[in-house]
1. Filter region 241-253 down to the residues that are in a helix (DSSP H, G or I) and either β-branched (Val, Ile, Thr) or under 17 Å from the mean Cα position of the chain (by Cα) (or both) and list them by number.
2. Considering only region 271-285, state which residues are under 13 Å from ILE197 (Cβ atoms) and surrounded by 17 or more Cβ atoms within 10 Å (Cβ to Cβ).
3. Inside region 490-527, can you point out the residues that are surrounded by fewer than 18 Cβ atoms within 10 Å (Cβ to Cβ), aliphatic (A, V, I, L, M) and at pLDDT below 90?
4. Would you mind finding the one in GLU280, GLU252 that is at pLDDT below 85 and not aromatic (Phe, Trp, Tyr)?
5. Evaluate region 219-228: report whether one residue or more is open to solvent by less than 60 Å² (accessible area, probe 1.4 Å), among the aliphatic types (A, V, I, L, M) and in a helix (DSSP H, G or I).
6. For a quick check of your reading of the model, give me the residue pairs whose first member lies in region 348-365 and is under 19 Å from PRO332 (Cα atoms), whose second is among the β-branched types (Val, Ile, Thr) and open to solvent by 70 Å² or more (accessible area, probe 1.4 Å), with beta-carbon atoms closer than 7 Å and at least 6 apart or on different chains.
7. For ILE483, which of the numbered conditions (1) touching a helix residue (DSSP H, G or I) at 6+ places or on another chain (Cβ under 6 Å); (2) modelled with pLDDT under 90 fails to hold?
8. Restricting to region 344-369, and then to whatever is touching a Phe, Trp or Tyr at 6+ places or on another chain (Cβ under 9 Å) and either among the polar types (S, T, N, Q) or open to solvent by 80 Å² or more (accessible area, probe 1.4 Å) (or both), can you tell me which residue is farthest from PHE429 (Cα to Cα)?
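The values are calculated or read from the model by the stated rules, or taken from the named source; none is laboratory data. Everything quoted here is computed from the prediction, not taken from an experiment. For neighbour counting, all protein chains shown are included, and Cβ atoms are generated from backbone atoms with ideal geometry for every residue, glycine included. Note: areas computed on protein heavy atoms with side chains; ligands, DNA, RNA excluded. Shrake-Rupley method; radii C 1.70, N 1.55, O 1.52, S 1.80 Å.
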Amino acid sequence: KKDDELHLNLVQLGNTFNRRMLFLIILVFLFSLFVSFILTRNITERKQVEEALRQSEDKFKYFFEHSTVGESLTFPTGEINVNEAFCEMLGYSMQEFKNRKWQEITSPEDIEMTQREVDQLLSGIRDSTRFVKRFLHKDGSVVWVDLNSSIRRSSDGIPLYLMSSVINITEQKKAEMDLIESDKKNRFIVENVGEGIGFVNAYEEFLVVNPAAERIFGLSKGELIGKNLKDLLTEEEYVRILNQTEIRKKGETSNYEFELIRPDGAKRNILITAVPQLDERGKLIGTNGIFRDFTESKQARRVLEENERKLIQLNIDKDRFIAILGHDLKNPFNNILGFSEILTEDIRKLNIDEIEDIARNINKSARITNKLLEEILMWAKMQQGKIPFKPQNHNFTNICRATLEILNQTAGAKNISINCLATDPLTVFADDEMLKTVLRNLISNAIKFTNNDGAINIKAAQNIENVTISVSDNGVGIPPENIPKLFDISQVLTTTGTAEEKGTGLGLLLCKDFVERHGGKIWIESEVGKGSDFIFTLPCGVI
């Protein structure tokens, strides 16, 4: 019985074990299927990526091998892979070019310069570069090339290779050399003419210059050779020259001027005649230029233009004086002559009141004529520079009060009050006679256009820069369109005052000239029916 129970237990245990083993085998099988699926998927994706890379490489390889432009791949070790066009350029076969380094095919004169450019690309200072260099042809001749290179790096930034496009410019360089050689034959003439002569290549670099060109550009002997125009001019001027280059590319000569700032800071005006030099295919390879420094001529022209402007203004002044003499002087003289003839012919017939009235009119006309003559003479002296100018420190209040003593009687005739409201002490740096003339004219003008029982206020205030003085009245005011004419000799207004006072209009012109002689300004603020403010500035004095 015990044996049967043991047997039964062993059978049950075996069944349990078999079930568990079967379950484990199934799990292992399923896991194997999952792993197989993942691996198959990864392999598929990798194959797809590899295929894409292969296709990309095939395209790059096709472009690299079939490009009509020389192409090269330069590795950090110095080894270089090139395409068929590059090999043909230097006379090699593809087989002969295997395992070569760029140093072997570079002209010894350009190895150091090329190494410097390569190092800057590999170190990350620059991502691309373009320069002109010389390769050595298989037969030993020199091949000039325009080399345009850029760096290619791995995803972690490690330099892989330099990819370069190479264009053969040997013919262009030969043309340049031929021109240079041709120029050497005429060097004696070129070096001894007074005008600057130079030749720049298509990159605007000076290859040939004469001493006169070096003097014009303010550089010593030899410094101009190799210089690019963009290093000698402002950006704005260089852009203008590039625009002229586009004209020369069409084979047309261009004439233009530009402003040059020399190393010593001097500004010079340069006139250039630029003659293009084209190769057999009509491509611009350089420019012969003739440089002329016409700074002094331009300054002389400006002086002539300024003198012409002054002459025109003098003619305007002359015409104005003639008009004043013909009109403003004629009327008062006619009055004097008319009244004096009455006295001469009818004095015995006139009573004392009539004689007194005629005498007053003669005196009034004589005063007007005298004032007009004084203003004309003073204006003429001012234009000729014959009025002495001696500015000194003066107390403005004292000058103002001295001026009012002369004008109070005139103001009193119209019952006009004049108030000097200047801040005291206030010092101006001015010529006292000119300042008195300015005040006298402005106050007289205010009296003329102020009604009876009006008021005139004179104010002065000082700031950091100057003293501002104003003569204000509550008179008739000035229409806006007439204000600009008051200081214009060609449009001088002669307006009758509120009491029929006459004037020439020259007084305000004198005021303007005298104020500007001090470096000040004068202007008018006015409103019709409410009065006017005549305002001017003078330099501050030292107390």
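1. Result: ILE241, THR245, ILE247.
2. Matches in region 271-285: ILE272, ALA274.
3. Matches in region 490-527: LEU493, ALA499.
4. Testing whether each residue is at pLDDT below 85 and not aromatic (Phe, Trp, Tyr) leaves just GLU280.
5. Scanning region 219-228, I find no residue that is open to solvent by less than 60 Å² (accessible area, probe 1.4 Å), among the aliphatic types (A, V, I, L, M) and in a helix (DSSP H, G or I), so the answer is no.
6. If the second residue must be among the β-branched types (Val, Ile, Thr) and open to solvent by 70 Å² or more (accessible area, probe 1.4 Å), the pairs left are ILE355/ILE347.
7. (1)
8. Out of the qualifying residues, it is ASN361.
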